[in-house]
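To start, the structure under review is shown below, and the notes come after it.
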Amino acid sequence: MTSFLAEGSLGFWSVPLAMVGQALRVSAPYLYVSLGETLTEKSGRVNLGLQGTLIMGAMAGYAVSSRSGSALAGVLAAGVVGGLLGILHAFLCARPKVNDIAVGIALMIFGVGLASFLGRPYIKPERVPAMSPDISLGFWSANETVRANLQVNLMFVVGVALVPLIAWGLKNTRWGLILRSVGENADTARAMGYSINGVRLLATMAGGVLAGLGGAFLTLAMQGGWKDGLAPGTGLMAVALVIFARWKPLNCLWAALLFGGAGAIAPALQSVGLNEVKINLGFTQLRWGRYVFEMIPYLLTLGIMIFTSSGSRQMAGIPDELTRARWL
Amino acid sequence: MLELLDIRKRFGALVALDGVNVRFSPGRVHGLLGENGAGKSTLMNVAYGMLKPDGGQIRMNGTPVVLRSPREAIAKGIGMVHQHFMLAGAMSVLDNVLLGDWRATQFLNRRRAADELAALAERLGWTLDPLVPVERLSVGQQQRVEILKALWRDARLLILDEPTAVLTPPEVEQLFGAVERLRDEGRSVVFISHKLGEVKRICDDLTVLRRGRVVWEGAAEDVSPAELANHMIGRDVETVTRATFSRRGHATPIPDDTLEQARLRLDNVTAANLHDVSFQISPGEILGIAGVDGNGQQELAAVVVGLRPPTRGRVLWHGSDVTAMSLEQRRILGFAHIPNDRKREALVPTMSVTENVMLKEYRDPPMSRFGVISWPKAAAVAKHVVDQFDVRAQSLDVAVATLSGGNQQKVVLAREFAIQPRVIVAMNPVRGLDVAATNFVYEQLLARRAAGAAILLISSELDELLALCDRIGVLYAGRLTMTNFPATGREAIGRLMAGIDLPAESR
Amino acid sequence: MSAIAPPAMPNRTPGRLRTAIMSIVGSLGSAAICVAITVALLATLPATNQETERPYSYGEKVHLVLKTTYDRVIRPRSPAARAGYRNWILTLQSATPILLTGLAVAAAFRANVLNIGTQGQYVLGAIAAAAIGIYIPAARWLLIPLLLAGAMAAGALFAGIAATLERWRNVPVVLSTLLLNFVALEFLRYMLQGPMRAVGEDGRPLDPQSTELAEFARLPQFFSDVPRQGLHLGFVIAVAAALVLWFILRKTTFGFRLRVVGQNPVAARFAGMNAARVSFATLALSGALAGLAGGVQIAGTTYVLYPDVGTDGLGFTGIAVALLARLSPIGVIFSAIFFGLLKTAFVALQESPLEIHSNAAQAVQGLLVIAVLIVSSPQWRRLVGHVMRRDRAAAA
């Protein structure tokens, strides 16, 4: 296999390769946001505002690192901003008769708008200091394309490392236990003497921090700059992926990779010369091009949801408090 | 070991606790008796740190303590098993137990904890798999998890809030065995109940509460159940006894051909959680269904009123098959339903009294015509029925949630009985109501019976059924066994509820 | 639902008028407070006077913000010009689509159907309207009704996918509507790239957008003859839709069912209502309103289908509009107009010496909704009630 790949021309293999490469390159924001949202939802809250958090994190990360000259400072700033937005969400939701979804949407609009407003001075073509070293996973191959495709950023590696850590922590630490119990049955946790709003505040804040870090990845590692309308829908999609991943951190990783990789289908197909699929219906000819391919990730997600759901049962793995509150 | 001195607590205008003094000693089982609303649960919530008292003092081994949260109470060796279990269903027994363990280190050693938990259970004579999700356990087993949870934290004082309400008689025996073992270990157990026989059996000391005051205290052996009942209820309120209600103004129905026609009949009904249930109720008769919650009661009610079609069998009324009829069609025939859970199933708490009254009739004139609602007419209808049932509300526009439990149930009765129902399905109709409201509901049911309605009364309170019903059947694991009540006595029915002594074919 | 406490049902007792007045005064009051906060915040931004090359003082900046807003937004612009009342026309024009998407969200959220796919339904409505307006050779008097009906049907059908998935497979509406937004966007791009792309006279494809709607397929407009400059019929339709939705929710048995299902689906079932069917119908109604928004936008404002329709976020803004109005259909009229005002105001502020960029408007929108969420919580109302009672007692 290696020798075959080393020959330079990869032929049709470049499609799956590009998808893997793309998955490794772009899945980090999905991963961070969906891990963060998993923490939040495990505590019985839904934060739909992570799109806003992500974008604010992206803007703050870029702004701070371009001012300070330190990529790390940018990443930290993004985390802090994300945490603050998480606290705001938790504070609003803690008031009686306030709907998580409503707060989330308000914060999403607020976050995206504020980032766009505050970030205006930073829409510059100049590069920020290289954020973190890229790590090559393609060292085993002599093929340039392969190696180029298998470059991953340190932040992605950290994100992947967080997956088992969070999964293990939820199961085997006291904090994880308390978090899950608050999301499963708030009355139980209350009777044990835990503060429901307090636990949810921490969980939403942690979710915000992770989403903010995902934002930093967007500007510092992926795009290399801040612009308006960056990553529209990435945060929202990541929130949806949590449902798709059935609230399991490990599934979040697969979902993020799958979703990131599926996004490469259209460009990859194009790169091997497959621009459109012609379907002859007799009376008319459909020419499905790039935009139809770009629907694939969303339709795929929906399709998997359809086939793994059941009309009679509630979703497996859903924290009970979410069902009780009828958010989902 | 724990003393509650001069405890006072008000909720708005309601005085829940009015200077209560209680002393719990180690190695004793202390019974706390009282009617619903007497203040038992409030007092225990104070002792458990869930409620802050307005006045009074809590002393532990002689030193005053302040319990700001359950956590502090737990830390001081107080454990509580709530009537509604505080368990996270999807989580394992072990997780549920560890959750309350404030001493556990941040990183849990699950394997060792699981072994220790199994050993603890064994000490009480129980076997439990610590890794099973709690939702797969029976109610009795879940209660054990609750007790283990408290003992895991080495509770010296264990509060059991109405522990036998959800148990079958044999499970009650096992619970009592465990309680005795705990007492012998030198722990003190608080046993909250309103069942006199049980309290008399298991408790060493007793305290009777009424309207937030201690009205009697002493050793269990010094008092007879009859005296206890007098203390609990007082002489000022009429009590629910067989003498007051039973068979008032009612002649036993004589089966003849016309009557046969007029009956409500279930023929071999099978549905989820129901197996081959058959019975009939004549007009002017109350059929009681006894059983521990979760043995098919919900499903039985649902089949009769039309919420759920049976997979097999028929529902007949007046000789015609109504099995395929919807809830609305049956309502036109005169079917009324008082569901089990008032706030969840019967009412929309956030909506007004008027809207709740019209919840089922909103499509009919005069409330609406051609799909358009006339609010003035709806309000007039609501006012009429609400006045009839003596609902106390500021106005008909306030949300039902602001009414007391008794008034909420009156709203339900007003809606359901306004149609002069011919068939009534009522499930635990007085759960959580005070004495006056309870009596009101019973009187209304008996009035409907006198007016010739066929009533199906499903209740987990056997005493209620014994007082009100003409005949009693027992539902166990979805199967109905009719008894020869009143020839069949209380104990025999209790055994049937536990699945003992069932006829061979229904096992 | 408990989105926000649903507005208390208006009293039918003598207190009704007072309650209504109180609620109007209350919302105007909170709007005024929000505006004041916004102005105060905007004035903190640094700005330099171009003539004196000195930074403006805080007071000057507040004055500038208010003056710009008044001149460019509130005051009728030069009545002599052909397009008199331009400011207000612009405001109402931008209020029109978000009024309709706001109604779509209000209807759905009232039934606790969390339709966050109004953006996608709006896009489908726009595509359908453009397709009918451009390709259907219908009679003139028939074309506009047909086009609007087509837009509604497209929105309803698109929402119907989510409704079907929920009924069939329990797929959460939040998830499916969210995903369908993206599908709608790609579908729009596909249509503009392929089947609906305008073609030049030489037969070569032009920019990725559709051809313009024929003149008789455009909504009639008032106050001006210049295309896109007048107030088009869409605004009237939107206000009428708000009144109709109010009537449905308040006065019809369907609306009653919808509200009961929204507040307590279990009790709805025990009362013999088919909660699943009500949710389904509500989602379709919601989709139809969002689709109508797309149709009105195409036939009234843009006259052409172009990619920005997919990313203008007017569907999403509807959620904010509805929440600001606390899900009341009549309230949505006002909150949509308020959002329209915001938009014109920020366009004006961008051109003022302060150079506040108009994308701050979105942040302010979010801030407003957050403020309303805080203000409408019972704690807050109790606090305000307490203060008011104390004042009254002090005055007496």
Order the peptides B:169-181, C:121-133, C:105-117 from the highest to the lowest mean number of other Cβ atoms within 10 Å of their residues. C:121-133, C:105-117, B:169-181
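Can you give the mean number of other chain Cβ atoms that lie within 10 Å of the Cβ atoms in peptide B:79-89? Show your work: numbers first, answer last.
Values: counts 0, 1, 0, 3, 0, 3, 4, 9, 6, 14, 4.
Counting other chains' Cβ atoms within 10 Å and averaging over B:79-89 gives 4.
Which whole-number percent gives the relative contact order of segment C:25-395, counting Cα pairs below 8 Å spaced six or more residues apart? Numbers along the way, then the final one.
Values: 623 pairs, mean separation 110.9, N = 371.
Worked out over segment C:25-395, it gives 30 percent.
Gain in length, B:GLN57 to B:ARG111, computed as 0.36 nm per residue apart minus the alpha-carbon separation, to one decimal in nm?
Numbers: separation 54, 0.36 × 54 = 19.44 nm, distance 4.17 nm.
Roughly 15.3 nm would be gained on extension.
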If you take the Cα atoms of segment B:2-233, find Rg, then find the Kirkwood Rh from the mean of 1/r over all pairs, what is Rg/Rh? 0.97
Please list, in order along segment B:168-183, the HN-Hα scalar couplings obtained from phi with the Karplus expression 6.51 cos²θ - 1.76 cosθ + 1.60 (θ = phi - 60°), rounded to whole Hz, x for Gly and Pro. 7, x, x, 5, 4, 4, 5, 4, 4, x, 5, 4, 5, 4, 5, 4
Run through all the Cα pairs of the protein assembly as shown and give the fraction in each 20 Å bin from 0, expressed as whole percent. 10, 34, 36, 17, 3, 0
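Report the local net charge at B:LYS360: Lys and Arg +1, Asp and Glu -1, summed over other residues whose C-beta lies under 10 Å from its C-beta. Numbers along the way, then the final one.
Details: positive: B:ARG331, B:ARG363, B:ARG415; negative: B:GLU328, B:GLU361, B:ASP364, B:GLU416.
Result for the neighbourhood of B:LYS360: -1.
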Report, for chain B, the % of DSSP beta bridges that are antiparallel, rounded to 5. 55 percent
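Please report the relative contact order for chain B, taking Cα pairs under 8 Å with a sequence separation of at least 6, and give it as a percent rounded to a whole number.
Working: 942 pairs, mean separation 77.7, N = 507.
Computed value for chain B: 15 percent relative contact order.
Taking a quarter of the surface of the Cα convex hull of chain B, what do you get in nm²? Spell out each step's value before the answer.
Numbers: hull surface 105.0 nm².
The Cα convex hull of chain B, projected and averaged over all directions, gives 26.3 nm².
At 0.36 nm per residue, and after removing the present C-alpha to C-alpha distance, how many nm does the segment from B:GLU443 to B:SER374 gain when stretched out fully? If you can, show how the numbers build up before the last one.
On the way: separation 69, 0.36 × 69 = 24.84 nm, distance 3.31 nm.
Full-extension gain reported as 21.5 nm.
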Listed residues B:GLY197, B:THR270, B:SER320: farthest to the positive end of the dipole of the protein assembly as shown (Cβ charges): B:SER320
Can you give the mean number of other chain Cβ atoms that lie within 10 Å of the Cβ atoms in peptide A:166-176? 3
On each of the three principal axes the extent of the alpha-carbon atoms of segment A:198-290, given in whole Å and largest first, is 63, 33, 21
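What relative contact order, as a whole-number percentage, does segment A:2-325 give when Cα pairs under 8 Å and 6 or more residues apart are counted?
Numbers: 580 pairs, mean separation 109.5, N = 324.
For segment A:2-325, the relative contact order is 34 percent.
Listed highest first by mean packing, meaning other Cβ atoms within 10 Å per residue, what order do A:21-27, C:319-325, C:55-61 come in?
Values: A:21-27: 22.3, C:319-325: 30.1, C:55-61: 14.3.
In descending order of packing, they fall as C:319-325, A:21-27, C:55-61.
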Any idea what the dipole of chain C comes to, in debye rounded to 20, about its Cα centre with Lys/Arg Cβ at +1 and Asp/Glu Cβ at -1? 1980 debye
If I histogram all Cα-Cα distances within segment B:346-418 using bins 10 Å wide from 0, what percent of pairs lands in each bin? 23, 57, 19, 1
How many angstrom lie between the Cα centre of segment B:260-284 and the Cα centre of segment B:391-468? 23 Å
Fraction of antiparallel bridges per DSSP, segment B:2-233 only, in percent to nearest 5: 55 percent
Would you mind calculating the gained length between B:SER326 and B:VAL139 on full extension (0.36 nm times residue separation, minus the Cα-Cα distance), in nm to one decimal? 64.0 nm
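For a 21 Å ceiling on Cα separation, which of these pairs sit above it: B:LYS195/B:LYS410; B:LYS343/B:LYS377; A:LYS171/B:LYS149; B:LYS40/B:LYS343; C:LYS61/C:LYS343? Intermediate results must be reported in sequence, preceding the final value.
Values: B:LYS195/B:LYS410 26 Å; B:LYS343/B:LYS377 26 Å; A:LYS171/B:LYS149 18 Å; B:LYS40/B:LYS343 23 Å; C:LYS61/C:LYS343 19 Å.
Over 21 Å Cα-Cα: B:LYS195/B:LYS410; B:LYS343/B:LYS377; B:LYS40/B:LYS343.
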So what's the back-of-envelope 222 nm ellipticity for chain B, counting only DSSP H runs of four-plus at -39500 (n - 2.57) apiece and dividing by all residues, rounded to 500? -9500 deg cm²/dmol
Other residues with Cβ under 10 Å from the Cβ of A:HIS89 give, with Lys and Arg +1 and Asp and Glu -1, a net charge of +1
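Express as a percent, rounded to the nearest 5, the fraction of DSSP beta bridges in the protein assembly as shown (both residues included) that run antiparallel. Can you show the working numbers first?
Working: 55 of 91 bridges.
Antiparallel: roughly 60 percent of the beta bridges in the protein assembly as shown.
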By the mean-Cβ-within-10 Å protection proxy, highest first, B:78-88, C:93-103 rank as C:93-103, B:78-88
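Calculate for chain A the 222 nm mean residue ellipticity that helices alone would give, adding -39,500 (n - 2.57) per DSSP H run of length 4 or more and normalising by residue count, nearest 500 deg cm²/dmol.
Values: 15 runs with 214 residues, N = 328.
Calculated from helices alone, the mean residue ellipticity at 222 nm is -21000 deg cm²/dmol.
Pull out a ≥ b ≥ c, the square roots of the eigenvalues of the alpha-carbon gyration tensor of chain C, then state rounded if a/c is under 1.5, prolate if not and a/b is larger than b/c, and oblate in the remaining case.
Numbers: a/c = 1.84, a/b = 1.06, b/c = 1.73.
Taking the square roots of the gyration eigenvalues as a ≥ b ≥ c, chain C is oblate.
Just checking the output field for C:113-125: average partner chain Cβ neighbours within 10 Å of each residue's Cβ? All intermediate terms of the calculation are to be shown ahead of the outcome.
Working: counts 0, 9, 0, 6, 0, 0, 1, 0, 0, 0, 0, 0, 0.
Per-residue shielding by partner chains comes out at 1.
Read-outs throughout are calculated quantities, based only on the coordinates presented, and are distinct from any laboratory measurement. What you see is a predicted model; the values in this text were computed from it and never measured. Methodologically, a virtual Cβ is constructed for each residue, glycine included, from the backbone with ideal geometry; neighbour enumeration extends over all protein chains shown.
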